[in-house]
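Q: First, the structure itself, so that you have it in front of you.
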Amino acid sequence: MGGTMNLLIGLSLGLSLMALGSSRLPSIIRAAAFQGMILGTLPLLLEQEFHWLVVAVAIGTIVVKGFIIPNLLRRALRAAKIDREVEPLVGFVPSLLLGAAAVIGAAALGNALPLRPEHTGTLLVPGSFATVVCGFILLVARTKAISQVCGYLILENGIYLFGLLLINSTPLLVEAGILLDLTVAVFVIGIIVDRIQREFDTLDTRKLTTLRE
Amino acid sequence: MKELSLIAIPLLAAGAAFLWPNERTRPWLLPVAGGLHTLLALWLLIDPPALATGAWFGFDPLARAVLPMVSLLFLVCSMYGVTYLSIRAERKNRVFVTALLVMLGLLSLALQAQNLGLLWVAAEATTLVTVPLLHFNGTARAFEASWKYLLVGGTGIALSLLGSFCLGYASLVGNGHGDLTFTSLVAQGASLSRPWLITAWVLLLAGYGTKMGLAPMHTWKPDAYGEAPGMVGALLAGGTTTMAFVAILRVKQVVDAAGAGAMTERTLLAFGLFSMFVAALFLLTTPDYKRMLAYSSVEHMGILAVGAALGGTGLWAALFHVWTNALTKGALFLSAGNIRRAAGAQTADKVAGMAWRSPASARILIVGILAVTACPPFGVFFSELKIILAIFLANHTFAAVAFLGCLLFAFFGMTRLVFAIVDGRPRNAALATGQKLRETPGVILPPLVFLAFSLWLGLATPSLLREVWTAATNLLSPTP
């Protein structure tokens, strides 16, 4: 069980780094979506017996993080008519290096912090901190709104990963983390509405100039 | 039951506002709900209910010490709101009114939350519901402001969730149940795992500090306050930030009980003084009088953090300052909003001579600025005086000097800008030939009421409030 889980956490870390190194927005979205789906399956691995609440969390996470949010993001991409991050504040290679440094730092931090016996040997803590930092780097190092939202999504995935440590004691709070996805949804809706509004605005101004003498 | 109604009334009113068919009469739901809410809050202030142990929310001494203020702030702002929305009849107000009422309900929930998780849910929902309020004007600048607010505030709130998880895990590692109710966390005390506790404090302080607007996480504030309608600014500066401050106080209580009080004091003092310093710097240079109010808010959040860091009398003074600052800020935001409408611009290079164009609002703004920069006999003077006394009592001479220096520079900066826009000839020729703004009682009385509150709190602080603040201080820092 621990082995599979660590493999999946490692895979999701790889996806974070992929998002950091990629300039194409669709592949960043895809990385974030895959990561969400992988994380969604983790509660099932963590739990010995099947509890309906845990299954519900898993399904909800996979649907929201893996399908709904990425689809919204793709719609925003179409509305904004862009697919590349042209001028990032921090270049792709430096952000990758920063991400790698974050992974090492998180591993060190994870070793320094005490764990419950059932969590020793898992990568949950270092994986979570590394993912949070990778998301944060993407958030501040990119200029395009959609890459920033993907950064937020990855940051949030990291927090969700940490929440798995608590899924037995406070399952409701872990589920409440889904509210963060709502934040992402508001972001994306913001982008779409902004695009639509701008188009309306230009139409309106054109009308106003035709009425003028 | 009454404490539940504090949450239910605004939410029900929000539902009604959403379904209400008439644009013109809908804003009246604001003062109706605000009035009921205030009545209930004052009732609870006078006659507090017994607190159920282990409950997820309740009207505990800390909620009692701040919630009535938020209620009063909302009521007066809502009266302003009725006139404001009738002036701005060109904008649809369904979402705006609904969001305002939901915000009041969520603030009541957050201030009464006795569970870290519930507190987080309320704080997160407040963040989301603020977005349409900031975007009310629908301009590109408003969009930018709401975007930045959501990005910075959203990251902050995400960090505070991570911090809450860490605190829960600290309890689990310390062989607790991971129960995030504050009483049980405090009861667990020193058995909370120390490394996780420190991680949690750092993350929660960064997270809720962002919501509160402590420097260097304050960057959303100038944009949001600059672009939002005045009444929204007043509610953010007095309501949302108070919620975040209460969250920090509650977490501090847990961390202190676990025996890491020295760390919380040092970090809060550092963040507080740094916020005051940054705010003073920006106050000296900003040309925009609405952004000025944001930096003033950063400054006062710093003052609150310093007060909270000192504990005991400092904490008492900080709770006092929560009231004086929020209610004085109300007058400033509302009068600045009036001036913004009369002038059509908000920077000193475009606005001048407002004493002629909007005489009443300009006068309120001047008096308000003097009140907020701690001129006696307004409330802010007395609360800041108490904090300074507490700093001296704690023998932090350097902190006291820095504190006073920042206050002085903030005073220079704010009076500089305010007199620049109030005095002189109206700058814009087109505006100068136009008529004066009609300053109806609807937009003048609410800020005057705020000033009256500020004066009243300063000259005759009700003994009931003093007792309530003492009770909250005793709850949070048991050793006097």
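Q: When residues of the stretch B:170-191 are filtered for being facing chain A (nearest Cβ under 10 Å) and surrounded by fewer than 21 Cβ atoms within 10 Å (Cβ to Cβ), how many remain? Lay out the reasoning, then the answer.
A: Initially, the stretch B:170-191 is screened for residues facing chain A (nearest Cβ under 10 Å), giving B:170-180.
From the residues that got through so far, the ones that are surrounded by fewer than 21 Cβ atoms within 10 Å (Cβ to Cβ) too are B:174-177, B:179.
Within the stretch B:170-191, residues that are facing chain A (nearest Cβ under 10 Å) and surrounded by fewer than 21 Cβ atoms within 10 Å (Cβ to Cβ) number 5.
Q: Next question. Step by step: first the residues of the stretch B:192-221, then only those that are basic (Lys, Arg) and within 21 Å of the chain's Cα centre (by Cα), then the one that is nearest to the other protein chains (Cβ to nearest Cβ). Which residue is that?
A: B:211
Q: Report the residue count in the stretch A:121-168 for those that are at pLDDT below 85 and within 11 Å of chain B (Cβ to nearest Cβ).
A: Of the residues in the stretch A:121-168, 3 are at pLDDT below 85 and within 11 Å of chain B (Cβ to nearest Cβ).
Q: Before we move on, is residue B:99 within 11 Å of chain A (Cβ to nearest Cβ) and of a type in the set (Gly, Ala, Ser)? Break it down stepwise before answering.
A: Values: within 11 Å of chain A (Cβ to nearest Cβ): no; of a type in the set (Gly, Ala, Ser): yes.
Here the answer is no, as residue B:99 does not meet what is asked.
Q: Separate question: May I ask you to verify whether residue B:86 is surrounded by fewer than 24 Cβ atoms within 10 Å (Cβ to Cβ), assigned to a helix (DSSP H, G or I) and more than 10 Å from chain A (Cβ to nearest Cβ)?
A: yes
Q: Out of (1) facing chain B (nearest Cβ under 9 Å); (2) crowded, with 23+ Cβ neighbours inside 10 Å, the odd one out for residue A:188 is which?
A: So the condition that residue A:188 fails would be (1).
Q: Quick one: is residue B:34 at pLDDT below 95 and not aliphatic (A, V, I, L, M)?
A: On the way: at pLDDT below 95: no; not aliphatic (A, V, I, L, M): yes.
No: the conditions fail for residue B:34.
Q: So is residue B:273 of a type outside the set (Val, Ile, Thr), in contact (Cβ under 8 Å) with a residue 24 or more places away in the chain and within 24 Å of residue B:454 (Cβ to Cβ) or not?
A: no
Q: Further question: On the basis of being under 30 Å from residue B:470 (Cα atoms), in a helix (DSSP H, G or I) and touching a residue at least 40 places away in the same chain (Cβ under 8 Å), does residue B:392 make the cut?
A: Against the criterion (under 30 Å from residue B:470 (Cα atoms), in a helix (DSSP H, G or I) and touching a residue at least 40 places away in the same chain (Cβ under 8 Å)), residue B:392 does not qualify.
Q: Name the pairs: first residue in the stretch B:201-220 and touching a residue at least 60 places away in the same chain (Cβ under 8 Å), second residue assigned to a loop (DSSP other than H, G, I, E, B) and among the small types (Gly, Ala, Ser), Cβ to Cβ under 8 Å, at least 6 apart or on different chains?
A: Matching pairs, first to second residue: B:201/B:260; B:220/B:213.
Q: Also, I was wondering about something else. Please go through (1) crowded, with 24+ Cβ neighbours inside 10 Å; (2) within 14 Å of chain A (Cβ to nearest Cβ); (3) over 19 Å from residue B:260 (Cα atoms); (4) not basic (Lys, Arg) for residue B:167 and return the number of the only condition it doesn't satisfy.
A: All conditions pass for residue B:167, except number (3).
Q: Look through A:86, A:90, A:103 and report the one residue that is more than 14 Å from chain B (Cβ to nearest Cβ), under 30 Å from residue A:194 (Cα atoms) and surrounded by 14 or more Cβ atoms within 10 Å (Cβ to Cβ).
A: On the way: A:86 fails: surrounded by 14 or more Cβ atoms within 10 Å (Cβ to Cβ); A:103 fails: under 30 Å from residue A:194 (Cα atoms).
Checking each option against the conditions leaves just A:90.
Q: Exactly one of (1) surrounded by fewer than 24 Cβ atoms within 10 Å (Cβ to Cβ); (2) of a type outside the set (Gly, Ala, Ser); (3) in contact (Cβ under 8 Å) with a residue 24 or more places away in the chain is unmet by residue B:325. Its number?
A: Of everything listed in (1) surrounded by fewer than 24 Cβ atoms within 10 Å (Cβ to Cβ); (2) of a type outside the set (Gly, Ala, Ser); (3) in contact (Cβ under 8 Å) with a residue 24 or more places away in the chain, residue B:325 misses just condition (1).
The values are calculated or read from the model by the stated rules, or taken from the named source; none is laboratory data. Because the structure is a prediction, the values reported are computed rather than measured. Please note: Cβ atoms are built from the backbone with ideal geometry, for glycine as well, and neighbour counts cover all protein chains shown.
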